[in-house]
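The values are calculated or read from the model by the stated rules, or taken from the named source; none is laboratory data. From a predicted model like this one, the values you see are computed outputs, not experimental measurements. FYI the Cβ positions are ideal-geometry reconstructions off the backbone, even for glycines, and counts take in every protein chain you see. Ligands, DNA and RNA are excluded from the accessible area calculation, which covers all protein heavy atoms including side chains. Shrake-Rupley method; radii C 1.70, N 1.55, O 1.52, S 1.80 Å.
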Amino acid sequence: FPTRRSSDLFQYLPLYGPIFVRQNVRDAFESLGLMLEAGVPMAEAVPAALDTVQDGHIRSELGKIRPRVAKGVSLADAIQGVRYVDDQRLIQFIHTGEASGTLPELLLRHTRMETEDIDGSLEQLTVWVPRVVYGVLLVWMAYGVLQGVGYANQ
């Protein structure tokens, strides 16, 4: 486990971890899209975009993109083999955006769609986690009551 910051451990939490990872990756590519749209060159935009990633381990892994882009490699090639960048929609949007000259727009379209997906996942999490916790507590209390009845008869 990373030990740099407490947020570095969020990606390992059950249920929430994958959402946290998606949020971090989304934030990086959203920032990249905004900077590219503003005319910032790719080689300058990538390091700044990666600085928006909260989790140190995710930032480090995405940091593999930086030297590749600095060498003039396309973003589509730079993300190859980088952990956490395995969203096929994002990969296709990057390929299409670079080929058509609409990379900033497609990155921002992807991040809007990703935000909607993440928000839906968070909503489901906030609905189901309390239900599961209450269910476990109910079973635990019922077990305690049944164990108490057994002892009272002896």
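Here are a few things to note about the model shown:
- Solvent exposure, largest accessible area first (probe 1.4 Å, DNA, RNA and ligands not counted), of TRP128, TRP140: TRP140, TRP128
- Here Cα extents along the principal axes in Å was computed from the coordinates, and among (1) 80, 30, 23; (2) 47, 31, 25; (3) 58, 36, 27 the match is (1).
- Candidates GLY39, ILE65, VAL132 compared by Cα position along the dipole of the chain: farthest toward the positive end lies VAL132, with charges placed on Cβ.
- Unit charges on C-beta of K, R, D, E only; dipole of the chain, Debye: 440 debye
- Surface share of carbon and sulfur [accessible, 1.4 angstrom probe, percent] for the chain: 60 percent
- Estimated vicinal HN-Hα couplings, Hz - the range 96-101 in sequence order (Karplus 6.51, -1.76, 1.60; Gly, Pro = x): 5, x, 5, 5, 9, x
- Ordering SER74, GLN54, ILE118 by Cα displacement along the dipole of the chain toward the positive end leaves GLN54 in first place; charges were set at the Cβ atoms of Lys, Arg (+1) and Asp, Glu (-1).
- The chain, accessible area per residue, ligands and nucleic acids excluded (1.4 Å, Å²): 60 Å²
- Restricting the calculation to alpha carbons of the range 6-94 gives Rg and Dmax of 12.7, 39 angstrom.
- 3J(HN,Hα) along the range 124-134: 4, 4, 6, 7, 8, 4, x, 5, 5, 4, 4 Hz, from the Karplus curve 6.51 cos²θ - 1.76 cosθ + 1.60 with θ = phi - 60°, whole Hz, x for Gly and Pro.
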